[in-house]
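Data block below; observations after.
The values are calculated or read from the model by the stated rules, or taken from the named source; none is laboratory data. It should be emphasised that the depicted structure is a prediction, and the values quoted were computed from it without experimental measurement. Positions of Cβ are backbone-derived with ideal geometry, glycine not excepted, and every protein chain shown enters the neighbour counts. Note: areas computed on protein heavy atoms with side chains; ligands, DNA, RNA excluded. Shrake-Rupley method; radii C 1.70, N 1.55, O 1.52, S 1.80 Å.
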Amino acid sequence: MGFATPDTTESEPLSQAAAALRRAASALRSGGLVAFPTETVYGLGADATNDHAVAAIFEAKARPHFNPLIVHITGPDAGAAIAEWSDLADRLTTRFWPGPLTLILRRRPECGISKLVSAGGETIALRAPAHPLAAALLAETNLPIAGPSANRSGRISPTTADHVRQDLGDQVDMILDGGTCPVGVESTVLDIAGDRPALLRPGGIARSDIETVIGSPLANPPPVAGGDLRSPGQLESHYAPRHRLRLNARDVAVDEALLAFGPAPLAGARITANLSPSGDLTEAAANLFSMLHDLDREEIAGIATMPIPSTGLGEAICDRLRRAAAPLSTQALKAP
Ligand code: TXA
Ligand code: MG
């Protein structure tokens, strides 16, 4: 039995993708770092069961060790083997997985996941990504993959392979290129380990959609103070562009760039990027980090951002912009 000669126009790209996937899987299995696309942003992946590989993530990102990582898995079955599962976890994952919802659950003592992933704590963050390449990588490796966003600590999250190359290119064994991430903001982080579900980070699944499944309003996390970090990603300035950001701008200076939203962008800016000319929040989320990356490369005095409604995905967009605008002094987690 022979194999048919591949048709170069059709199956060559496919076989190249398959070969890239195999190389990525093999790098992960041997403890390497692989940047991979998810539907939200690119992740910096490592075998979550390998302490050394997980430590290498922190080193590459220059991320302080007490910030715990999300573990990417294939679905609820893998989740129930790693963490204490519940009816609520079932309902939420039936509705939102695979997709941009991360659940915080209590880890099982014998789950085999590196303790460093949980920063030594009792809980673990799990999510099943919807991106076909991420799903294929999980299937190919048969490993849980620890993966924070593939940016240096304190920098803007990457939504293209190029962003990863610019920020972390020399730190990773391989970048799996899956094009532009369709959702564009990170997953919603929902803590269901305690008595009352709490939204730790707004993200790609809107609060109201989760509340519909839960049947009651979501609690917000208690304010972050000093060492009591429930979810360190909540710290104010976490997505720092080089340039100063001015929120809810009603006018724009000649030396500023404008990050606009909607059909009536402010006039007068030298450079304008419009998150969504039609005022669509999903489109705006998808464009957010890419446009911030682009504007940040311009020689300008600052970036003015127009007001954005905080409904639906707007909550995550406003949250990221607010953090990007926070003064550097609040970047408690920024590496020296
Ligand atoms: O969309 C996403 O979530 C992307 C893609 C790659 O999956 N990942 C991502 O990871 O944004 P990262 O590490 O940049 O953000 C993870 C967030 C942080 O705010 C972290 O503090 C929180 O999740 N987190 C992780 N484990 C936690 C835990 N056990 N308890 C509370 N918060 C946790
Ligand atoms: Mg991040």
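For the condition closer than 16 Å to residue 53 by Cβ and within 16 Å of ligand 2 (Cβ to nearest atom), residue 145 qualifies. Can we say residue 194 is open to solvent by 20 Å² or more (accessible area, probe 1.4 Å), modelled with pLDDT under 95 and more than 8 Å from ligand 1 (Cβ to nearest atom)? Here the answer is yes, as residue 194 does meet what is asked. Residue 268 passes every criterion in (1) more than 20 Å from residue 163 (Cβ to Cβ); (2) at pLDDT 95 or above apart from (2). Considered as a group, the residues in region 57-66 that are open to solvent by 10 Å² or more (accessible area, probe 1.4 Å) and closer than 23 Å to residue 181 by Cβ include one that is nearest to ligand 2 (Cβ to nearest atom), and that residue is 63. Filtering region 137-147 to residues that are open to solvent by 10 Å² or more (accessible area, probe 1.4 Å) and in a loop (DSSP other than H, G, I, E, B) leaves 142, 143, 144. On the stretch given as region 38-48, residues that are in a loop (DSSP other than H, G, I, E, B), of a type outside the set (S, T, N, Q) and surrounded by 24 or more Cβ atoms within 10 Å (Cβ to Cβ) total 3. Candidates 35, 24: the one that is modelled with pLDDT of 95 or more, in a helix (DSSP H, G or I) and surrounded by 15 or more Cβ atoms within 10 Å (Cβ to Cβ) is 24.
Listed here are the residues, each with its yes/no results for (1) in contact with a Phe, Trp or Tyr (Cβ under 8 Å, 6 or more places away or on another chain); (2) within 19 Å of residue 51 (Cα to Cα); (3) not basic (Lys, Arg).
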| site | (1), (2), (3) |
| --- | --- |
| 77 | no, no, yes |
| 85 | no, no, yes |
| 88 | no, no, yes |
| 96 | no, no, yes |
| 103 | no, no, yes |
| 110 | no, yes, yes |
| 114 | no, yes, yes |
| 119 | yes, yes, yes |
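Picking from residues in region 157-171 that are part of a loop (DSSP other than H, G, I, E, B) and open to solvent by less than 20 Å² (accessible area, probe 1.4 Å), the one that is farthest from ligand 2 (Cβ to nearest atom) is 159. Do you know which residues across region 68-120 are more than 21 Å from the chain's Cα centre (by Cα) and part of a loop (DSSP other than H, G, I, E, B)? Of everything in region 68-120, those that are more than 21 Å from the chain's Cα centre (by Cα) and part of a loop (DSSP other than H, G, I, E, B) turn out to be 84, 85, 86, 108, 109, 110, 111, 112, 120. May I ask you to verify whether residue 182 is buried (at least 22 other Cβ atoms within 10 Å of the Cβ) and either over 23 Å from residue 106 (Cα atoms) or modelled with pLDDT of 95 or more (or both)? Here the answer is no, as residue 182 does not meet what is asked. When residue 151 is tested against (1) of a type in the set (S, T, N, Q); (2) open to solvent by less than 30 Å² (accessible area, probe 1.4 Å); (3) out of contact with any Asp or Glu (no Cβ under 8 Å at 6 or more places or on another chain), just one condition goes unmet, and that condition is (3).
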